[in-house]
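The values are calculated or read from the model by the stated rules, or taken from the named source; none is laboratory data. Computed from a prediction, not measured in an experiment: that's the story for all the values here. Counting neighbours? That spans all protein chains shown, and the Cβs are built from the backbone with ideal geometry, glycine included.
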Amino acid sequence: MDNISISLSESGANNHISEVRIDGVIDTLTASELEGVIDSLIKRERYNIVIDLAGVDYISSAGWGIFISHIKDLRIRGGDIKLANMIPNVFEIYELLEFDNVLQAFNSVDEARSKFEAARSDGGRVKKKDREVTRVTVVEGLNQSEGVVAGKGEGRLSDISSTVDIEILVLRCIQDDPFLTISEIKNELKRHALTDSVGWWKIFAILKKKGLLKKRSRFRYARGR
């Protein structure tokens, strides 16, 4: 059975920063323990959270989902989750799955804490880039049934009817430009007014299902079409 150890400390000016140190594996069996800690911090109005991942060997989609599912609530309250000390294997997945579009990562806990301190000294002003990040929302989880059938079809994204399955629309986005990030695909769908709302996780799940999480795979898919 996988084990996880979580420790909590508070630091920074007026102890406004909560540091969560995790050791072990964050997967479907242990993610609930992490979620409980983050939920308790939010209930205590502790909105600035640094996650120290130095002792974490692996994070599953369930683990990543815990971080991302709390981002909106924290940022609305002027807080955030910042990751620190990821080992190379974990950082590689973090970049591969494009979580860098949602979560900030730092080489050390001190760097992450300094980012919070700098924001506090600026009087809580939010930069344009940060405002854009807070728009990322989680609509569907990875384990939810997609309810769509893969299709090929013809033509470009701009030619597609809004009634076509979301999966087909995402694949057409990749055909148009295989180097788009997940967030950019989301924005393309919105820009063409093809759907009312497509969540980041929905697109992630489709790419995972089709084996297109890596940009190299998307390029080969687009070229092969």
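Brief remarks on what is shown
- Of all residues in segment 97-118, those being in a helix (DSSP H, G or I), in contact (Cβ under 8 Å) with a residue 60 or more places away in the chain, in contact with a helix residue (DSSP H, G or I) (Cβ under 9 Å, 6 or more places away or on another chain) and not polar (S, T, N, Q) number 1.
- Selection count where residues are over 26 Å from Lys202 (Cα atoms) and part of a helix (DSSP H, G or I), scope segment 48-69: 0
- Every listed requirement among (1) over 13 Å from the mean Cα position of the chain (by Cα); (2) modelled with pLDDT under 90; (3) surrounded by fewer than 18 Cβ atoms within 10 Å (Cβ to Cβ); (4) part of a helix (DSSP H, G or I) is met by Lys72 save one, (1).
- Of all residues in segment 32-47, none satisfies being within 27 Å of Leu207 (Cα to Cα), among the hydroxyl-bearing types (Ser, Thr, Tyr), modelled with pLDDT under 90 and not assigned by TED's automatic domain parsing to the domain that holds Lys214.
- Gly199 meets the conditions (1) modelled with pLDDT under 80; (2) in contact with a helix residue (DSSP H, G or I) (Cβ under 6 Å, 6 or more places away or on another chain) in every case but one. The failed one is (2).
- Qualifying position, being touching a strand residue (DSSP E or B) at 6+ places or on another chain (Cβ under 7 Å) and of a type in the set (D, E, K, R), among Asp80, Asp110: Asp80
Residues are listed down the side, and each one gets a yes or a no for (1) buried (at least 16 other Cβ atoms within 10 Å of the Cβ); (2) touching a residue at least 24 places away in the same chain (Cβ under 8 Å); (3) under 14 Å from Ala112 (Cα atoms):
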site: Ile4; (1), (2), (3): yes, yes, no
site: Ile26; (1), (2), (3): yes, yes, no
site: Gly36; (1), (2), (3): no, no, no
site: Val50; (1), (2), (3): yes, yes, yes
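- Within segment 6-17, considering residues that are in contact with a strand residue (DSSP E or B) (Cβ under 7 Å, 6 or more places away or on another chain) and either at pLDDT 95 or above or not hydroxyl-bearing (Ser, Thr, Tyr) (or both), the one nearest to Ile87 (Cα to Cα): Ile6
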